[in-house]
Structures are given as structure tokens and as C-alpha cells.
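As C-alpha cells, the structure follows; a few thoughts come after it.
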Amino acid sequence: MPRESKKAKTARAAEAFDLLTEEYPEAHCELDFVDAFQLSVATILSAQTTDVRVNMVTPELFRRYPGAEALANAAQEDVEQVVKSTGFFRNKSKNIIGFARGLMADHDGAVPKTMAELSALPGVGRKTANVILGNAFGLDEGVVVDTHVKRLTTLLGFTKEKTPEKVERDLMVLFPRDRWTLLAHLLIWHGRRVCDAKKPRCEACTLSGLCPSSRV
């Protein structure tokens, strides 16, 4: 692809966002949750597994441990049995219990609303904090960069960076702040439904005319 000016890339990014919004008007976080605590725990559990799998275990998890206090006092072995099917269950159990204990110790059991406070809690990195802030509190502090977002934005020529942090910085410059949370949802939905990593369906892709990696 010929060298693209910043202005042209910004315009192409805006058009891609509009097309994806038309394609997926219902795009949203596919983890089931009713409050910030549930979303936080579900997001920690979602590492290296699917949202579908997490949604299968969280009803029982939250029935047993409906809030931070209950989870903070849980026995790790008991939590492990509930979340075992999500993979890496020992570490995930340790993290969600640690997260709940952090909430009780430092935030009176409530999920904080700042990147710094969230990132200081066990099991919460920048990506997880972005999920919580954007979807539980409606705060656009950054762009969630998971495998779909990283892969699609590379294919689209929106970034050449390799690490999530640097990809996120590129996207935060390219897209207006009020689009950051929805942008991730749109890209994730598109990655799951059309732009498959192994068999991308370029012939069915609404972005094929904008994508330098398109096969059509």
C-alpha cells in the first residue's frame, strides 16, 4: 500500500467505523453482567478463553459469591471448582479472590472508577481496566486491545505496532475519544463473525474496499 497521509488514514478510519456501526448496530460487550463487580470478575476470567465459556460459569459463581465481601472470604479450592472450565483456573481463582479482597481493603467493596486504582488491583491490567471503565461506567479512558482488535487494526493498516499498549496508542490518536469503547466492540464482533484469523471471509466483508489486506 502506498504511503498514506495522516489525514487520509483518519478519514479511512472514520469510514471504517461508520461501516462497522451500520453492520453491527447492536455491538456490545458479550460478557453477561449486572454491575461493575460482575463485569470485573468476568473479564478477569475471560483471559485465554471465550466469553461464551465465561458466561457458562458466572451464574453459579455469582450465586455463591454475590459481591466482593463474599468472594473475598471464599476458599480458593471452592472457587476453582466453579471456574475450572475456563482454563488456568488456579491463577484465575487467586486473581478474582485477590481482586475482591483489594476492593474490600481499599475501596469499601466498590469497584473504583479510575485507571490507576483499577490497575493496582490483582488480576487487572490496562485491558481489563478499559473493559470495566468503558462498559460498567461509560468512561472512554482507552481502547481495549485483544487479539481481534490487534489483528484487525494491523490488517486494516491502522497500526504497525506489535504490543497492545502501542497499538492502543495508535488507535487513540486515530479515533475520537467518544468512540474508543464502541470501536473495540465493533472490531471484536467483526473478527468473530467475518474476519476469521484462519479463513477471513473477505468477499462478505463490509470493509473490503477500505482494507489493504483484502483478498477481493
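Using a cutoff of 8 angstrom between alpha carbon atoms and counting only pairs six or more residues apart, the relative contact order for the chain works out to 21 percent.
Helix content alone sets the calculated 222 nm mean residue ellipticity of the chain: runs of n ≥ 4 DSSP H residues at -39500 (n - 2.57) each, divided across all residues, give -17500 deg cm²/dmol.
Computed with a 1.4 Å probe over protein heavy atoms only, the accessible area of Arg179 comes to about 60 Å². Think of segment 105-216 as having a plus end and a minus end, set by charges on the Cβ of Lys, Arg, Asp and Glu; of Gly123, Met172, Ala136, Met172 sits farthest toward the positive end of this dipole.
Just how much of Arg169 is accessible, in Å², when a 1.4 Å probe is used and the result is rounded to the nearest 10? It works out to around 140 Å².
Inter-label distance, Thr50 to Ala110: 3.7 nm, where each label sits 7 Å from its Cα along the C-beta direction.
The local environment of Glu80, defined by Cβ-Cβ distances under 11 Å, has a net charge of +2 under the rule Lys, Arg +1 and Asp, Glu -1.
Within the chain, what whole-number % of the accessible surface is contributed by carbon and sulfur, with the 1.4 Å probe and all protein chains included in the calculation?
The computed percentage sits at 51.
When only the Cβ of Lys, Arg, Asp and Glu is charged (+1, +1, -1, -1), the dipole of segment 90-216 relative to its Cα centre reaches about 680 debye. Ranking Ser93, Gln76, Ala197 by how far each Cα lies toward the positive end of the dipole of the chain (charges on Cβ) leaves Ala197 at the top. Rounded to the nearest 0.05, the FRET efficiency derived from the C-beta distance between Asn91 and Lys199 at R0 = 35 Å is 0.65.
Can you compute the charge dipole magnitude of segment 115-170 about its Cα centre, using +1 on each Lys and Arg Cβ and -1 on each Asp and Glu Cβ, nothing else charged? Give it in debye, rounded to the nearest 20. List each step's numbers first, then the result.
Working: 8 positive and 8 negative charges, 63 e Å.
The calculated dipole for segment 115-170 is roughly 300 debye.
Rolling a 1.4 Å probe across the protein heavy atoms gives the chain an accessible surface of 52 Å² per residue.
Largest first, the extents of the alpha carbon coordinates of the chain on the three principal axes equal 57, 32, 29 Å.
Each of Lys160 and Arg3 was given a label point 7 Å from its Cα along the Cα-to-Cβ line. The distance between the two points is 1.0 nm.
Protein-only accessible surface at a 1.4 angstrom probe places the residues Met104, Met172, Met56 in the order Met56, Met104, Met172, largest first.
The values are calculated or read from the model by the stated rules, or taken from the named source; none is laboratory data. On a predicted model such as this, the values are computed, not experimentally measured, just so you know. We place every Cβ from the backbone using ideal geometry, glycine too, and count neighbours over all the protein chains shown. These area figures cover heavy atoms from the full protein model, side chains too; ligands, DNA and RNA do not enter into them. Shrake-Rupley method; radii C 1.70, N 1.55, O 1.52, S 1.80 Å.
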